[in-house]
1. Conditions first: (1) over 19 Å from His100 (Cβ atoms); (2) at pLDDT 90 or above. His30 passes all but one, so which condition is the exception?
2. Is there a residue in region 55-76 that is in a loop (DSSP other than H, G, I, E, B) and either of a type in the set (A, V, I, L, M) or at pLDDT 85 or above (or both)?
3. Out of all the residues in region 27-42, is one or more out of contact with any Asp or Glu (no Cβ under 6 Å at 6 or more places or on another chain), in a helix (DSSP H, G or I) and in contact (Cβ under 8 Å) with a residue 60 or more places away in the chain?
4. If Ser12 passes every condition in (1) under 25 Å from Ala130 (Cβ atoms); (2) open to solvent by 60 Å² or more (accessible area, probe 1.4 Å); (3) among the hydroxyl-bearing types (Ser, Thr, Tyr); (4) free of Cβ contacts under 8 Å to residues at least 12 places away in the same chain but one, which one does it miss?
5. From the list Gly20, Gly95, which one is touching a helix residue (DSSP H, G or I) at 6+ places or on another chain (Cβ under 9 Å) and at pLDDT 90 or above?
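The values are calculated or read from the model by the stated rules, or taken from the named source; none is laboratory data. Since the model is a prediction, treat every value here as computed from it, not as a measurement. Ideal geometry is used to build each Cβ from the backbone, glycine not excepted, and the neighbour counts take in all protein chains shown. The accessibility values were calculated without ligands, DNA or RNA, using every heavy atom of the protein model including side chains. Shrake-Rupley method; radii C 1.70, N 1.55, O 1.52, S 1.80 Å.
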Amino acid sequence: LWRAAGRTYEESIGFHRAIGHGMMALLSLHAVGYLSAWLSESLEKLVEELSDWLDCAGCTGINNLAGLISWSCGALLWAASQPRFRRRRYFAFYGAHQLHFAFFFFGCTHWPALLAWCAPLVVFFAADAALRSHYLGSGTAAAATARGGAVVTLLVPLPPPRAPRHFA
């Protein structure tokens with residue numbers, strides 16, 4: 001998508017970061033606001049709102065525990081995305097980014113209309129995954145960061161995959 005928009009890879013990463021920070025700021029205001037409101041009413045109200053997993057459709061259709069789990073996954077993902085953590089522990093950063101599956105699943109469980117809002121993104125994600133798996137057969141991308149913050153991507157050609165061996 002970033003190529004279709006005429007952007008460089010570096011610009012798309014910067015946009016991705018800005019969207020992530022903005023989204024987590026808004027979601028944190030939403031989560032902390034509701035948690036504070038329920039807790040200011042009473043501890044029982046907070047527990048009641050967070051223990052409505054099975055009967056939430058009978059009230060508002062909003063599953064608050066799923067929302068808290070989704071927000072927690074997003075907070076962990078965001079924390080692992082901070083530059084200091086990302087640069088020192090890149091593989092942990094990359095692994096934490098896989099929390100986006102839990103973040104999205106529990107977000108859709110919390111508010112089912114989210115799926116309709118995110119449907120175009122899911123289509124682009126699936127297309128990107130398909131393209132990446134197609135290109136894995138032709139080469140492996142290696143990325144390195146230079147001191148100026150520029151990212152250099154190298155395509156290393158791989159030999160064609162061998163036919164699988166069948167042992168009799």
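1. (1)
2. Initially, region 55-76 is screened for residues in a loop (DSSP other than H, G, I, E, B), giving 55, 59-63.
Right, trim to either of a type in the set (A, V, I, L, M) or at pLDDT 85 or above (or both) and you get 62-63.
Taking every residue of region 55-76 in turn, at least one turns out to be in a loop (DSSP other than H, G, I, E, B) and either of a type in the set (A, V, I, L, M) or at pLDDT 85 or above (or both).
3. No, that holds for no residue.
4. Failed condition: (2).
5. Being touching a helix residue (DSSP H, G or I) at 6+ places or on another chain (Cβ under 9 Å) and at pLDDT 90 or above holds for just one of Gly20, Gly95, which is Gly20.
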